[in-house]
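Bear in mind these aren't lab numbers, they're just calculated from the coordinates by the rules spelled out. This one's a predicted model, so the numbers in the text were calculated from it and none came from an experiment. So basically every Cβ, Gly included, is an ideal-geometry build from the backbone, and we count neighbours across all protein chains shown.
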Amino acid sequence: MYPESYEYHPLYPKPEDFEIIQKDENSGFGVISRKAFKKGELIAAMNGERIDEIRQHSLQIEPGLHLYDIHFSGYFLHSCSPNVHLDMQNMLVSVVRDIKPGDYILMDYAQTEDVLYHQFPCSCGAANCRGWITGRREAIDESDPMYQQFVQSSVAAI
Ligand SMILES: [Zn+2]
């Protein structure tokens, strides 16, 4: 899935194992697995451009340093009950919940991100869904019109 110009790594994701697809108009793109993976397995190594700003689809390596991978990991969708864990120091993706063929690769954005490009309402459906997703080191942006909508719809649902 990565350009041939990248230095070879045996764990780079292969097109026969993963596919980037458009989930729906609201969520944009996601990555599905074509294979089954067991909890604890290492499923891929990541690579991409190292940048010093937060962009849509970037993943934090450390404060002030982000991976911009538009071939694979940048399209992982968020879940509050993820099926993968990202080791951003070693650029490795491991499985924390069994994955079946056709499942989306799901990460918790707050696992890697101090601050999100955009905070957003989550509809992952997990029992422990946090509802409104922020980075792990930022407060809820209450001035965000989407947050106000989210609060109103949460109140309406009770
Ligand atoms: Zn959620």
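Data table
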quantity: Count of residues meeting criterion [in a strand (DSSP E or B) and surrounded by 15 or more Cβ atoms within 10 Å (Cβ to Cβ)] in segment 26-58; calculated: 9
quantity: Flag if Met88 is more than 10 Å from the ligand (Cβ to nearest atom) and under 20 Å from Glu53 (Cα atoms); calculated: yes
quantity: Qualifying residues in segment 59-84 (those that are assigned to a loop (DSSP other than H, G, I, E, B) and in contact (Cβ under 8 Å) with a residue 40 or more places away in the chain) - the one nearest to the ligand (Cβ to nearest atom); calculated: Cys80
quantity: Qualifying positions in segment 118-151 - part of a loop (DSSP other than H, G, I, E, B), more than 9 Å from the ligand (Cβ to nearest atom) and in contact with a strand residue (DSSP E or B) (Cβ under 7 Å, 6 or more places away or on another chain); calculated: Gln119, Ile140
quantity: Count of segment 105-117 residues which are surrounded by fewer than 19 Cβ atoms within 10 Å (Cβ to Cβ), in a loop (DSSP other than H, G, I, E, B) and of a type outside the set (Asp, Glu); calculated: 2
quantity: Matching option when the condition is touching a Phe, Trp or Tyr at 6+ places or on another chain (Cβ under 6 Å), among the aliphatic types (A, V, I, L, M), more than 16 Å from the ligand (Cβ to nearest atom) and closer than 22 Å to Gly48 by Cβ, among Val115, Val95; calculated: Val95
quantity: Selection from segment 4-13 of residues that are more than 18 Å from the chain's Cα centre (by Cα), surrounded by 10 or more Cβ atoms within 10 Å (Cβ to Cβ) and not hydrophobic (A, V, I, L, M, F, W, C); calculated: Tyr6, His9
